[in-house]
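A.B. asks: I have a structure I would like to understand better, so I am pasting it below and will then ask my questions one at a time.
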Amino acid sequence: MEFWKDVNVHIENLVPGVILGWLFYNHTATPVGPPPASQPELSSESLSAFAFLCGCYGLGVISAVVSRFILDGLSERGPRQFMLFLLSHRTRKNLQDDFVRVPGFDDDVKRSTKSWLMFRCRWLAEWNAIYRAALRSVSGDKSKAEIYRRRAQGRLVRNLVAPLVVASALYPPGNLSGTSAAILAGCLGVLLYAYAELNNFAEAVDISEQQALGERQETTRAGNPNAD
């Protein structure tokens, strides 16, 4: 029993794995005629179902690693920044002034600006640094738990992009070819993931502002005990 306490089964890995497993099975399965007269025992069916779930979970883990490698790299090189720029309702300069004091902000900007992977673009580097600083600035167990929950939702969205692409390739809608449908699904997945990151960012900014306001009020009360 001690072994199972140390096993972490993440729903964001299991769900995409089950979908991918069903897609591959449904696409490759061939009709074999009527079932045999003798049905397998219940224990055999349970073992087969358990093996299928384990295989799907492993497939989901691989899918999560590939999705993280591809989607995180794509998102932080454009889609995330444009989502923040267009929909955050705050200017880059204003946000930078709010989070420049967060430890690691300047180093993050300098490192990203010098990286050819970020096209040596300071605009991209500063938006990425603002995003990371906003998440790091949240304090308090309850607030951090809320951010963690939202990031888990974002990871689930990211991990579901692979099943979306595979399903589009295997069963393209309308007159689209499988390749075209997969490319369109991939582009849609990147945008959805960038929007999920925007939600993470917006929640972190709101929490940080509330915490900063509370700290200022506490400072004011401490400086003027008769304010109340």
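A.B. asks: Looking at 140, 189, 174, 104, which is the one that is on the phi > 0 side of the Ramachandran plot and touching a residue at least 40 places away in the same chain (Cβ under 8 Å)?
C.D. replies: It is 140.
A.B. asks: I would also like to ask the following. Which members of the range 94-140 meet the condition of being crowded, with 17+ Cβ neighbours inside 10 Å, closer than 14 Å to residue 212 by Cβ and among the aliphatic types (A, V, I, L, M)?
C.D. replies: Matches in the range 94-140: 95, 102, 133, 134, 138.
A.B. asks: Sticking with this structure for a sec: Please verify whether residue 64 is under 18 Å from the mean Cα position of the chain (by Cα) and either at pLDDT 85 or above or on the phi > 0 side of the Ramachandran plot (or both), treating the condition exactly as stated.
C.D. replies: When the stated conditions are applied, residue 64 passes them.
A.B. asks: Shifting gears a bit: Would you be able to tell me the number of residues in the range 170-193 that are of a type in the set (Phe, Trp, Tyr) and surrounded by fewer than 21 Cβ atoms within 10 Å (Cβ to Cβ)?
C.D. replies: Number of matching residues: 1.
A.B. asks: Have a look at 97, 108 and point out the one that is over 20 Å from residue 193 (Cα atoms), part of a helix (DSSP H, G or I), under 22 Å from the mean Cα position of the chain (by Cα) and modelled with pLDDT of 90 or more.
C.D. replies: The match here is 108.
A.B. asks: Just checking, does the range 97-117 include any residue being among the basic types (Lys, Arg), more than 20 Å from residue 69 (Cα to Cα) and in contact with an Asp or Glu (Cβ under 9 Å, 6 or more places away or on another chain)?
C.D. replies: At the first step, the residues of the range 97-117 found to be among the basic types (Lys, Arg) are 101, 110-111, 114.
Still in the list and also more than 20 Å from residue 69 (Cα to Cα): 101, 110, 114.
When the remaining residues are screened for being in contact with an Asp or Glu (Cβ under 9 Å, 6 or more places away or on another chain), the result is none.
Checked the range 97-117: no residue is among the basic types (Lys, Arg), more than 20 Å from residue 69 (Cα to Cα) and in contact with an Asp or Glu (Cβ under 9 Å, 6 or more places away or on another chain).
A.B. asks: State the number of residues belonging to the range 147-169 that are in contact (Cβ under 8 Å) with a residue 40 or more places away in the chain and surrounded by 15 or more Cβ atoms within 10 Å (Cβ to Cβ).
C.D. replies: Taking the range 147-169 first, the residues in contact (Cβ under 8 Å) with a residue 40 or more places away in the chain are 147, 150-156, 158-163, 166-167.
Keeping just the survivors that are surrounded by 15 or more Cβ atoms within 10 Å (Cβ to Cβ) gives 147, 150-151, 154-156, 158-163, 166-167.
The number of residues fulfilling the criteria is 14.
The values are calculated or read from the model by the stated rules, or taken from the named source; none is laboratory data. All values reported here derive from a predicted model rather than from experimental measurement. Every residue, glycine among them, receives a Cβ derived from its backbone with ideal geometry; neighbour counts consider all protein chains shown.
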